[in-house]
1. Looking at region 505-513, is at least one residue open to solvent by 20 Å² or more (accessible area, probe 1.4 Å) and in contact with a strand residue (DSSP E or B) (Cβ under 8 Å, 6 or more places away or on another chain)?
2. Going by the structure shown, is Val300 at pLDDT 95 or above and under 16 Å from Leu249 (Cα atoms)?
3. Ser651 passes all but one of (1) open to solvent by 20 Å² or more (accessible area, probe 1.4 Å); (2) farther than 20 Å from Glu205 by Cβ; (3) in a loop (DSSP other than H, G, I, E, B); which number fails?
4. Quick one: how many residues across region 319-355 are part of a strand (DSSP E or B), of a type in the set (A, V, I, L, M) and open to solvent by less than 20 Å² (accessible area, probe 1.4 Å)?
5. Has region 716-734 got at least one residue that is under 30 Å from Leu188 (Cβ atoms), open to solvent by 10 Å² or more (accessible area, probe 1.4 Å) and out of contact with any Phe, Trp or Tyr (no Cβ under 9 Å at 6 or more places or on another chain)?
6. Enumerate the pairs (first residue in region 163-180 and under 16 Å from His213 (Cβ atoms) and without any contact (Cβ under 8 Å) to a residue 60 or more places away in the chain; second residue anywhere and of a type in the set (A, V, I, L, M, F, W, C) and buried (at least 24 other Cβ atoms within 10 Å of the Cβ)) with beta-carbon separation below 6 Å, excluding pairs fewer than 6 apart on the same chain, so at least 6 apart or on different chains.
7. Taking the residues in region 798-818 that are in a loop (DSSP other than H, G, I, E, B) and open to solvent by 20 Å² or more (accessible area, probe 1.4 Å) as candidates, determine which candidate is nearest to Gly423 (Cα to Cα).
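The values are calculated or read from the model by the stated rules, or taken from the named source; none is laboratory data. What you are looking at is a predicted structure, and each value in this text was computed from that prediction instead of being measured. Cβ sites come from the backbone with ideal geometry, for glycine too, and all protein chains shown count toward neighbours. Side chains are part of the model used for accessible areas, which takes the heavy atoms of the whole protein and leaves out ligands, DNA and RNA. Shrake-Rupley method; radii C 1.70, N 1.55, O 1.52, S 1.80 Å.
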Amino acid sequence: MSGAGPGALSGIRVLELADESGAYCGKLLADLGAEVIKIERPGGDASRRFAPRRKGAEAESLFFFYMNTGKRGVTLDLERSSHRDRLLALAKGADIVVETLEPGALDALDLGYDALRELNPGLVLTSITGFGQTGPRRGFRSSDLVASALGGALYVTGEPEDPPVTLAGSQAHIAASTCAAASSLIALHHRRRTGAGQHVDVSAEEVMIAVSHVCGVGKWLDDGHVPRRHGTALVASVPSGAYRCRDGLVYLMVNRPLHWKALALWIHEETGIEEVLDVRFEGPSSRRIAERALLDRFIVRLTEAHSVEEIYHEGQRRHIAFTPVQGVADVVGDPHLAARDFFVEVADPDGTKVRLPGAPYRLSRTPWRIAGPSPGIGEHDAEIFGTGEELLGSSAPRLETPPPSASTRADARASDDRRALAGLRVVEFTMGMAGPWIGRFMAWCGAEVVKVESRQHPTVVRLYISPDAPELGIQSQLSPWFTDWDAGKRFVALDLQRPEAVELAKRLVARADVVVENYRSGVMEKLGLGYEALRRVNPDIIYFGSSGYGDTGPTHDYVTWGPNIEALSGMSTLSGFPERPCTVTQYAYPDGLSALHGLTVIMAALDHRKRSGEGQQLSLSQLETCICAVGDVMLERLVNGRDPERLGNASRNAAPHGCYRCTGEDRWCAIAVRSEAEWQRFCALLGEPDRARDARFDSLPARVAHAAELDAWVGSWTAERSAEEVMARLQEAGIAAGVVQTVEDQIQADPQLAERHFFESIDHLAKGSVLATGIPLGLTGTPGRSERAGGAIGEDNDHVFGKLLGMSEAEIEGHIEAGAIERRED
């Protein structure tokens, strides 16, 4: 959604000292209405020279253009004291500073957090680095590929016989930047309540571990199996994967018992295969894992007889999650996206219109919009530094007195809890991961999160069957993913098919600040719990809805899971090696990505409400969010009219750049050589300094052109060494390198994660305690915690209905007898 009104972050000033690893953070904040001033060194940021470049404007990088729209640009040489004074003057009037310099670099310039806090006590300084500001590896070099490697995402992506492979674009940087945007706004929320700023310390390694947690510590400790690459099919979801039709590929994911029954009936109708109806295949996905190959043969009999469109629409009519595996041209011409006016145009200074991916989320009162094209080098120097009066003379941001509404109610509830979101109350109506993970983050930050469930329609993680004791059947409190998605929350059980239960849900929302829902589009409205109904009981509610396609458009009510979105968005055909038809993650990347974007827009809406008293409706389409995450890659088609290359682990802006086999079974190291100085050090380390002057390799374009020869040489060196040795020797030489870590490596052999206590031990109501993937928000001034895990369905009925709603025991019992409240699950 675009529009002419002020954005949610209108009036917020952000200084951005970020390279390519943090530019998306500033873009998110700018498109939400913040004034973002991009500070570059003289000559401009290196990403201005990234390939590919814009057709007809060969000096302009598509990456830089996309990541920096809507910002103002100035240049400062921070080696000069007068320019440092200019930065300090800007910081005095800023709300947030986003930076990606090496840890300690700002301190060395007398611009570190302590100096900035003395000048502006309410300032939020957000640092995005590969490893964080503390720990033994804080000074290690990182890159998008290296962060994905150490973060565990690389190891589990691709085909078993191929090297681990990264996703298209720069997804470690996108995820870390989005997490940083959310963290910055959470810290800003705390500042508005207390006046205190803080240093936000975001580690890209930790963000990638969190994003890929479906393949993480919880699962490993649960079943003892180290997750590995598994092609397009998900290990835990059977059936799933890409299937051939007459004219292309469709992606299928079956994750619920009823969806399997619908698919089995369709296969039987079309093929006459009787075995597909066998009851041994029914129930949770775990019961079908041993039968994967057989079920795949049944499915291929169905799909190969039809076109992609036939399988897609008929499958969805039957509520089966079939989606096309789309290429970039398909995405750009997608009729659903066209109906939603997703793609937008931005005018260059010369009047040329550039078509770009649009909003990753939509806001009803404070429209998202791109304010303008990316700035030229120093374009706004004269405006900002010319007189030194308006910006350089401004005082620290004023802490506004909020309207006497929800803001003050939330502050009053904060009590003695010092966490950043203490006092906020969130009501969840969620399934799967994309919605619950938002509540998980907010609960960790101190919000009271109440999840509304029902035994009649349990979420996927409530259908868990222990791999060690399958004979015990479903154990609804014990799934490791239930901990990952829902730790720290309260749980109530309501049968929302009953009007009395709907009224209780409304009473709960009337006392809340935020609603998070990710039911299939239209379900909340059918229940009488849509935004219009809930705003009548709470006019300033922030109502966030997430779905696969969004809440409008011709396919808005279609069923999807995370991997379906990878297929729909073009991410699966942009990613991976060119000889493979598509590449899909094992960890449902769009779910984590959407949750981080959702958290960002919720916090932006809360900040707007704090200043205006206005609530609003927020809507996120996972399809559109995922397209935004590969937006710079999409520009090759949108701007230059050609499809992007599938690069595997290669890069147009670094070489050598890849994942190289080392000694040991399935052991690899990711390496990224980005500058000429690094290339010379690399050749010297490998014992061939003269190679740096070889005409095939003496410049970046030459190395990219001869990448295959280069990779063979590098691979012959790494093959004789352990991944750990390769990383250590290259890092010692100042070159980005990282072991392609398994979850076992992360727990047992990563000193950085151990020093930073990333993994969290959580009290568990059924297990005693569990170890879970940490929350990577990096709030050093207001560290969070997870209160507990393992609550049963209806665990907190008495507290929520009795204490929060003030109902008597007799009233609660009456609603139980009427079927509106479901008793706590035994």
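1. Taking region 505-513 as the starting set, the residues that turn out to be open to solvent by 20 Å² or more (accessible area, probe 1.4 Å) are 506-507, 510-511.
With in contact with a strand residue (DSSP E or B) (Cβ under 8 Å, 6 or more places away or on another chain) added as a condition, the list becomes 511.
Scanning region 505-513, I find at least one residue that is open to solvent by 20 Å² or more (accessible area, probe 1.4 Å) and in contact with a strand residue (DSSP E or B) (Cβ under 8 Å, 6 or more places away or on another chain), so the answer is yes.
2. On the way: at pLDDT 95 or above: yes; under 16 Å from Leu249 (Cα atoms): yes.
Yes.
3. Evaluating Ser651 over (1) open to solvent by 20 Å² or more (accessible area, probe 1.4 Å); (2) farther than 20 Å from Glu205 by Cβ; (3) in a loop (DSSP other than H, G, I, E, B) leaves (2) as the failure.
4. Taking region 319-355 first, the residues part of a strand (DSSP E or B) are 321-324, 344-347, 353-355.
From the residues that got through so far, the ones that are of a type in the set (A, V, I, L, M) too are 321, 344, 346-347, 354.
Then drop every residue that is not open to solvent by less than 20 Å² (accessible area, probe 1.4 Å), which leaves 321, 346, 354.
So the answer is 3.
5. Residues of region 716-734 under 30 Å from Leu188 (Cβ atoms): none.
Looking for residues that are under 30 Å from Leu188 (Cβ atoms), open to solvent by 10 Å² or more (accessible area, probe 1.4 Å) and out of contact with any Phe, Trp or Tyr (no Cβ under 9 Å at 6 or more places or on another chain), one finds none in region 716-734, hence no.
6. Hits for this filter: Ala172/Ala147; Ala172/Ala204; Ala172/Met208.
7. Selected residue: Gly806.
Residue-wise test of (1) more than 30 Å from Ala339 (Cα to Cα); (2) open to solvent by less than 30 Å² (accessible area, probe 1.4 Å); (3) among the hydrophobic types (A, V, I, L, M, F, W, C).
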position	(1), (2), (3)
Ser476	yes, yes, no
Gly488	yes, yes, no
Asp495	yes, yes, no
Val515	no, yes, yes
Ser546	no, yes, no
